[in-house]
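*Asks:* One structure coming up, written as structure tokens, with questions to follow.
The values are calculated or read from the model by the stated rules, or taken from the named source; none is laboratory data. In this text, all values refer to a predicted model and were calculated from it rather than measured experimentally. Note that we place each Cβ from the backbone using ideal geometry, even for glycine, and neighbour counts take in every protein chain shown.
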Amino acid sequence: MKNAILELKGISKKFGPAYANQNINVQLKQGEFHAIVGENGAGKSTLIKMLSGVHLPDEGEIYWKGNAVKLASPHAAQSQGISTLFQEIQEIPALSVAENIFLGREPKSMGFMKWSDLYKEAEDLLRSLNIKIDSQAKMEDLRISERKMVEIARAVSIHAELIIMDEPSANLNEDELKILFDTIALLRKQNVTIVYISHRLREIFAMADRVTVLRDGKHIQTIDIADTNEAALVTSMIGRQLEEYYPAKTVESGSVLLDVNNLGLSDGELRNVSFQLRKREIVGLAGLAGSGQELVTKILFGLIKGYTGNMVLDGRPFLPHSPRQSMNAGISFVPEDRKTQGLFLNQSVKDNMSITALAKNFLSGGLISKKKELRKAQGLITQLSVRPQDPYKHVGNLSGGNQQKALIGRWLIDKYKILILEEPTRGVDVGAKMDIYQEINKLLEQDLAILMVSSELPELLGMCDRILVFSEGKMTAELSRDEATEEKIMEYAFPR
Amino acid sequence: MKRLNNQLPLITLIILIIVGSFLSDSFLSVNNLINLIQFAAETGIIAVGMAFVIFTGGIDLSVGSTVALAAVIAASTQGLGVGGVLVLCVVLGALIGFVNGLVITKARVEPFMATLAMMAIVRAVTLWITNGGPVLKPVSASYQALAGEVLGVPLPAIYLVAVFILGFILLRRLPFGRHVMAVGGGEETARLFGVKVERVKLMVYTLSGMLAALAGALITARIGMGEPRSGFNFELTAIAIVIVGGTYLLGGRGTIGGTFIGAMIFAVILNLMNLMDVSAYVQPIVRGLIIIIAALLISRSFTKKKTAAEAA
Amino acid sequence: MELKLGWRNRLGFMIKSHQEESLLTLLIVIIIAISPIFSPDFFTEYNLYNLLRQISYTAIVSIGMLLTILIGGIDLSVGSIMQAVGLSSILLIQNDMPVWLVVIVVLLIGMALGLINGSLIVYGLLQPFIVTLGTKIIIDGSTLVISDGKGVSGNAPDSFLEIGAGHVGSVPIPVIIMFVLIFLGSVVLNRTVFGRQIYAVGSNQLAAHNSGIHVKKIQLLVYMLSGLFAAIAGLLVAARTGAFQPITVGGGAGGMELNAIAAVVVGGASLAGGKGTIGGAFLGALLSGLLFNLLVFLDLNPYIQQFVLGAIVLAAVIFSASKRRKR
């Protein structure tokens, strides 16, 4: 292909033993709009991080305009002409739009800033892109969409020939989307190549020339958009039967344990959510990121105050406003990001497990019995097959899967009624996944009920009795195990 | 409301001046005002350096000790002539600041900790070489003239204004200033945009050390001897001036103009306390209270802003 | 899998899990072993007890400093709290308050000052170093105002002096108090829920909150305890002579806060929080105490001590930061 601006040849990236990307071969044509799709964990973000200079590939070569390049830092990638719009906006909030656009490249004469040129060039640039933003406004006073536009303007101003956009449409409303799409259309007129990552297939079908599908870190296909349709693309993204490794459920669900009625948040991010959770039942919460499902679990664990509606837990009214209160009522919580929200990385496995259970389980004469504590930790390590089997090992030195097991172990010492699992197997290798699924199933036998938030649909389909689908802060569907399919969940998950 | 917040330092200064004119008849006299600015000179000069450090999100607790070392060195090296002494002091200060910067950027030690240790080391060296007492070598008349007057205007006041103008040019008229603000506002983003973050940090600590040394050299000119106890707690006054001037302690927000107003607020308060015969021992209490109250006000207003932006 | 370890294994395990402490112990043993080279007077019972008494104040303050550093904070006001408490105790004694009541009142003063620090940090959302720097000069100023910058001495009863200058056998009472506090502190840190929660808060505040820990309460208590330990040290210093001596401005007093930070950081604690032990802090205090003591024997300029202290702090924080980066 002659007009390839960028080519990936045999690109692989490993984190620990697991491949995040394996043998990716993609060519980007000059001036095309190239979409990348795949489920969460398919390897999209790793791939764009290698394109943008955040990670270096372990194997393979990146060719930029025919030459092999090493993109050692985002700045290095930028100076080649590759600019990335990450999900998190790259900005200095307290500086003006113009200062942000030209940071590091300020117009000057004889070493002195030329403020008038700075603002004028910024205004010209914004006008050429039809973006109506005051170049002297501070970034922090702008709306998200406007801040994204400024980022795009910056990419244009450094003469980026390839702009990578990671979920640029997330959090934008209809009007803001239109501005984004218009800007993209303008960029295309200027022959800028665009790599576009999005969950929203509608957008992709409206704009893309070609689409690359990733699954499980592998390159499945790259295909002209004209040669495919939404259904075919989804099949290609999912591409598998429910794996064998979901254990069969052996216990029957019991009576209603938790009754949630009209749960909502005053800012409208969550509206009228009602559902029930039974004893010995697994209920999954599905939806695109930020659709409200994780707000439900955070309210249940007392992390969000100021909600409306009412809840009844085990026959008693339940209105938590702190984690302590939720824990006392019988709710346990494995958060989405175990490293920042759950674990004490520089403490031992034992200390990480016992921290919530010290007062009730290990005190004798007011002091912690280290013997009891150690025995319990060793028991949990065996039960959950945590490797290595060393209770004194710092949790930060464990692999992702073993960290997750240690975190789950924390909630198995005291007796709880509900276990909330957010992304229970994110960044966990297959072997540890199976262990975790087995253990989740065993917990049901102890009368526990489980609420599971996951962006991995197969996991929800394989584990849950029922799946609640969220979209834009509302519950759009409640699917039983039998009726739920990935396609159906996707259908209800996309905003309409 | 936002506007009002931005103008809070200026409003405070105006109120203080009005209150001052009621409290003391001599407050608004030309003499007293000149005296006031002269009084503000030494800490004001240091505050400019401190402001740059704080703009990057750092802090420099070693400036007070650097003042003392420079004061002592200035007194003991009078043989070099006025220019020689000044150059020596400023180079020495730059070196101390540069080492601070190295420890902070290369070893990644927290700025407050690195400069706290440096504060102890430099103070100890100062006392060590003077054996705890003042340097009694005579300070030349031409050197003392540095703290004199021209046409009735005290030179230190002119230095103060000059340093602030230079600071303003550095912050607003050179790209360096934008980079300083970018480092404080978002280090990673600044790096992504090609700002040489480590170099910017090295430069602000070096600047801070230089200005502290300059202030020390001026003290020796003013009092006519090298006093190893000078500069004590100056770091606190400088920090207080910067915060009172509306600068955010976590970096990325603030102005040199505000810092100037902060210096004036402090000068007025100290001046009023002197005019009203408040005990010298009470003055540090007032300084401490001002630091905490100002930090509380600014932290509150910016925290609200941040959460409001996130919610949007 | 029951852990059954022989003493040899246990010792190996102890050393492995307490690397900094083991290294420090070794260093201290070496210094003591070679000390007779510098001075024959070093290895005398008198000097060793004297040394222990000298470090007892630093060691006691270090316990509180360690707690604040464990939760990722710092307390720069400890030296000032010591001074304020010293002055208060002498003034109260002069006013014929019974000794036991004086002790209680001044310890409460220390805790109250710590509570002020803690509240400003927790509820004011301010950085610990700036708050405690601010309260430091406020407390210093108040001490100067009350004492008018002069020393205060007066008829302290023997029972008061006994606290600071007395002995049990030949062991000075401050040394005994130091060891008792080290023991109690270690038990609290290692064997109580509160202690574990301190490590948890310092290791990851968000995770601590998500584990049902009352993070703000822990922070407040820690700053109160830091005030308390500083108050105990201040009381012991004042009760040694029965007089209050203001620290003159810049008179070479490097400040108790630096001594304590040095002890804690040399003892292996991380300024990022969540790591450090009281045993380590004690060894850190002992090491710098030993060095100072030897410097005295070497008859060097006393200000060199201050220089050495600053250099120790700088070296220790650079070392500790470099270890953090490797991980």
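*Asks:* Just one of A:380, A:421 is among the aliphatic types (A, V, I, L, M) and surrounded by fewer than 23 Cβ atoms within 10 Å (Cβ to Cβ); which is it? Quick ask: steps written out before the conclusion?
*Replies:* On the way: A:421 fails: surrounded by fewer than 23 Cβ atoms within 10 Å (Cβ to Cβ).
Step by step, each of A:380, A:421 is checked, and only A:380 is among the aliphatic types (A, V, I, L, M) and surrounded by fewer than 23 Cβ atoms within 10 Å (Cβ to Cβ).
*Asks:* Contact list please: Cβ distance under 6 Å, first residue in segment A:71-94 and assigned by TED's automatic domain parsing to the domain that holds residue A:195, second residue part of a loop (DSSP other than H, G, I, E, B) and of a type in the set (D, E, K, R), pairs at least six apart or on different chains.
*Replies:* Listed by first residue and then by second, the contacts come to A:81/A:161; A:87/A:167; A:94/B:253.
*Asks:* Of the residues that sit in segment B:1-56 and are touching a Ser or Thr at 6+ places or on another chain (Cβ under 7 Å) and among the aliphatic types (A, V, I, L, M), which one is nearest to residue B:250 (Cα to Cα)?
*Replies:* Ranking the qualifying residues of segment B:1-56, first place goes to B:54.
*Asks:* Starting from segment B:273-300, keep only residues that are within 8 Å of another protein chain (Cβ to nearest Cβ) and assigned to a helix (DSSP H, G or I), then list their pairs with residues that are charged (D, E, K, R) and buried (at least 19 other Cβ atoms within 10 Å of the Cβ) whose Cβ atoms are within a distance under 8 Å, requiring at least 6 positions of separation or different chains.
*Replies:* From residues that are within 8 Å of another protein chain (Cβ to nearest Cβ) and assigned to a helix (DSSP H, G or I), the pairs are B:284/C:140; B:288/C:136.
*Asks:* Does segment B:5-37 hold any residues that are surrounded by 15 or more Cβ atoms within 10 Å (Cβ to Cβ), modelled with pLDDT of 80 or more, polar (S, T, N, Q) and under 17 Å from residue B:157 (Cβ atoms), and which are they?
*Replies:* B:32 - this is the single residue of segment B:5-37 that is surrounded by 15 or more Cβ atoms within 10 Å (Cβ to Cβ), modelled with pLDDT of 80 or more, polar (S, T, N, Q) and under 17 Å from residue B:157 (Cβ atoms).
Per-residue answers, yes or no, for (1) at pLDDT below 90; (2) within 13 Å of another protein chain (Cβ to nearest Cβ):
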{"position": "C:246", "(1), (2)": "yes, yes"}
{"position": "C:255", "(1), (2)": "yes, yes"}
{"position": "C:287", "(1), (2)": "no, no"}
{"position": "C:291", "(1), (2)": "yes, no"}
{"position": "C:296", "(1), (2)": "yes, no"}
{"position": "C:308", "(1), (2)": "yes, yes"}
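*Asks:* Pull out all pairs, ordered by first then second residue, where Cβ-Cβ is under 6 Å, the residues are six or more apart or on different chains, the first lies in segment A:437-462 and is surrounded by fewer than 19 Cβ atoms within 10 Å (Cβ to Cβ), and the second is not in a loop (DSSP other than H, G, I, E, B).
*Replies:* Correct list of pairs: empty, since none qualify.
*Asks:* Okay, next question. Are any residues in segment C:202-213 at the interface with chain A (Cβ under 7 Å from one of its Cβ atoms) and under 26 Å from the mean Cα position of the chain (by Cα), and if so, which ones? I'd like the intermediate steps shown before the answer.
*Replies:* Restricting attention to segment C:202-213, the residues satisfying the condition of being at the interface with chain A (Cβ under 7 Å from one of its Cβ atoms) are C:203-204, C:206-207, C:209-212.
Result: C:203, C:204.
*Asks:* So, one more: Quick check, is residue C:217 of a type in the set (Lys, Arg) and free of Cβ contacts under 8 Å to residues at least 40 places away in the same chain? Outline the logic, then answer.
*Replies:* Details: of a type in the set (Lys, Arg): yes; free of Cβ contacts under 8 Å to residues at least 40 places away in the same chain: yes.
When the stated conditions are applied, residue C:217 passes them.
*Asks:* Return a yes/no flag: does segment B:95-103 have any residue that is over 23 Å from residue B:187 (Cβ atoms) and either in a helix (DSSP H, G or I) or touching an Asp or Glu at 6+ places or on another chain (Cβ under 7 Å) (or both). Before the answer, list the steps.
*Replies:* Step one: filter segment B:95-103 for residues over 23 Å from residue B:187 (Cβ atoms), giving B:95-96.
Remaining after also requiring either in a helix (DSSP H, G or I) or touching an Asp or Glu at 6+ places or on another chain (Cβ under 7 Å) (or both): B:95-96.
Looking through segment B:95-103, at least one residue is over 23 Å from residue B:187 (Cβ atoms) and either in a helix (DSSP H, G or I) or touching an Asp or Glu at 6+ places or on another chain (Cβ under 7 Å) (or both).
*Asks:* Among C:161, C:115, C:76, C:91, which is the only one that is aliphatic (A, V, I, L, M), within 19 Å of the chain's Cα centre (by Cα) and either modelled with pLDDT under 90 or surrounded by fewer than 23 Cβ atoms within 10 Å (Cβ to Cβ) (or both)? Don't jump to the end; show me each part of the working.
*Replies:* Numbers: C:161 fails: within 19 Å of the chain's Cα centre (by Cα); C:76 fails: either modelled with pLDDT under 90 or surrounded by fewer than 23 Cβ atoms within 10 Å (Cβ to Cβ) (or both); C:91 fails: within 19 Å of the chain's Cα centre (by Cα).
None of the others qualify; the one that does is C:115.
*Asks:* State all residues of segment A:149-181 that are touching a residue at least 60 places away in the same chain (Cβ under 8 Å) and under 19 Å from the mean Cα position of the chain (by Cα); if no residue qualifies, say none. Give the derivation first.
*Replies:* Keep residues of segment A:149-181 that are touching a residue at least 60 places away in the same chain (Cβ under 8 Å), which gives A:151-152, A:154-155, A:158-168, A:170-171.
A:164, A:165, A:166, A:167, A:168, A:170, A:171 - these are the residues of segment A:149-181 that are touching a residue at least 60 places away in the same chain (Cβ under 8 Å) and under 19 Å from the mean Cα position of the chain (by Cα).
*Asks:* Please pick out the residue among A:217, A:268 that is touching a residue at least 12 places away in the same chain (Cβ under 8 Å) and surrounded by fewer than 14 Cβ atoms within 10 Å (Cβ to Cβ).
*Replies:* Criteria check complete, one pass: A:268.
*Asks:* Scan (1) modelled with pLDDT of 90 or more; (2) farther than 21 Å from residue A:336 by Cβ for the single condition residue A:450 breaks and write down its number.
*Replies:* Unmet for residue A:450, out of (1) modelled with pLDDT of 90 or more; (2) farther than 21 Å from residue A:336 by Cβ: (2).
Okay, residues lined up against (1) modelled with pLDDT of 95 or more; (2) not assigned by TED's automatic domain parsing to the domain that holds residue A:168:
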residue: A:221; (1), (2): no, no
residue: A:227; (1), (2): no, no
residue: A:248; (1), (2): no, yes
residue: A:260; (1), (2): yes, yes
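*Asks:* Moving on. Which fully enclosed helices (runs of 4 or more DSSP H) of segment B:108-223 have 3 or more residues being buried (at least 19 other Cβ atoms within 10 Å of the Cβ)? Spell out the reasoning first.
*Replies:* Values: elements: B:111-130, B:141-144, B:155-168, B:175-185, B:187-192, B:197-223.
Because the criterion is at least 3 residues that are buried (at least 19 other Cβ atoms within 10 Å of the Cβ), the helices (runs of 4 or more DSSP H) in segment B:108-223 that meet it are B:111-130, B:155-168, B:175-185, B:187-192, B:197-223.
*Asks:* Inspect all residues belonging to segment B:276-295 and state whether any of them is modelled with pLDDT under 80 and either over 19 Å from residue B:7 (Cβ atoms) or among the polar types (S, T, N, Q) (or both).
*Replies:* Taking segment B:276-295 as the starting set, the residues that turn out to be modelled with pLDDT under 80 are none.
Taking every residue of segment B:276-295 in turn, none turns out to be modelled with pLDDT under 80 and either over 19 Å from residue B:7 (Cβ atoms) or among the polar types (S, T, N, Q) (or both).
*Asks:* Further, regarding this structure: Being of a type in the set (Asp, Glu) and facing another protein chain (nearest Cβ under 7 Å) is the filter; apply it to segment A:69-106 and report the residue that is nearest to residue A:158 (Cα to Cα). Full working, then the answer.
*Replies:* Let us first name the residues in segment A:69-106 that are of a type in the set (Asp, Glu), namely A:88, A:91, A:99, A:106.
Those left that are additionally facing another protein chain (nearest Cβ under 7 Å): A:91, A:99, A:106.
Numbers: A:91: 15, A:99: 14, A:106: 12 Å.
Result: A:106.
*Asks:* Please work out if residue A:396 is assigned to a loop (DSSP other than H, G, I, E, B), assigned by TED's automatic domain parsing to the domain that holds residue A:295, at pLDDT below 90 and more than 14 Å from residue A:334 (Cα to Cα). So that I can check it myself, show each step before the final result.
*Replies:* Details: assigned to a loop (DSSP other than H, G, I, E, B): no; assigned by TED's automatic domain parsing to the domain that holds residue A:295: yes; at pLDDT below 90: yes; more than 14 Å from residue A:334 (Cα to Cα): yes.
Criteria not met by residue A:396.
*Asks:* Quick check on residue C:281: is it closer than 23 Å to residue C:117 by Cβ and not β-branched (Val, Ile, Thr)?
*Replies:* yes
*Asks:* Pull up segment B:104-123, narrow it to residues that are within 7 Å of another protein chain (Cβ to nearest Cβ) and over 21 Å from the mean Cα position of the chain (by Cα), then point me to the one that is farthest from residue B:53 (Cα to Cα).
*Replies:* Checking each candidate, the answer is B:107.
*Asks:* Still on this model: Could you identify the single residue in A:142, A:186 that is free of Cβ contacts under 8 Å to residues at least 60 places away in the same chain, in the same structural domain as residue A:79 (by TED's automatic domain parsing) and within 28 Å of residue A:29 (Cα to Cα)?
*Replies:* Numbers: A:142 fails: within 28 Å of residue A:29 (Cα to Cα).
Every option except A:186 fails the conditions.
*Asks:* Across segment C:130-182, what is the number of residues that are more than 14 Å from chain B (Cβ to nearest Cβ) and either in a loop (DSSP other than H, G, I, E, B) or among the hydrophobic types (A, V, I, L, M, F, W, C) (or both)?
*Replies:* From segment C:130-182, those more than 14 Å from chain B (Cβ to nearest Cβ) are C:151-182; that's our starting set.
Restricting the remaining residues to those that are either in a loop (DSSP other than H, G, I, E, B) or among the hydrophobic types (A, V, I, L, M, F, W, C) (or both) gives C:151-152, C:154-157, C:160-161, C:163, C:165-166, C:168-171, C:173, C:175-182.
So the count comes out to 24.
*Asks:* Which number in (1) crowded, with 19+ Cβ neighbours inside 10 Å; (2) more than 14 Å from chain B (Cβ to nearest Cβ) marks the one condition that residue A:61 misses?
*Replies:* Residue A:61 satisfies every listed condition except (1).
*Asks:* Going by what's in this entry, would residue B:192 be described as within 14 Å of chain A (Cβ to nearest Cβ) and in contact with a Pro (Cβ under 6 Å, 6 or more places away or on another chain)?
*Replies:* Numbers: within 14 Å of chain A (Cβ to nearest Cβ): yes; in contact with a Pro (Cβ under 6 Å, 6 or more places away or on another chain): yes.
For residue B:192, the condition - within 14 Å of chain A (Cβ to nearest Cβ) and in contact with a Pro (Cβ under 6 Å, 6 or more places away or on another chain) - is met.
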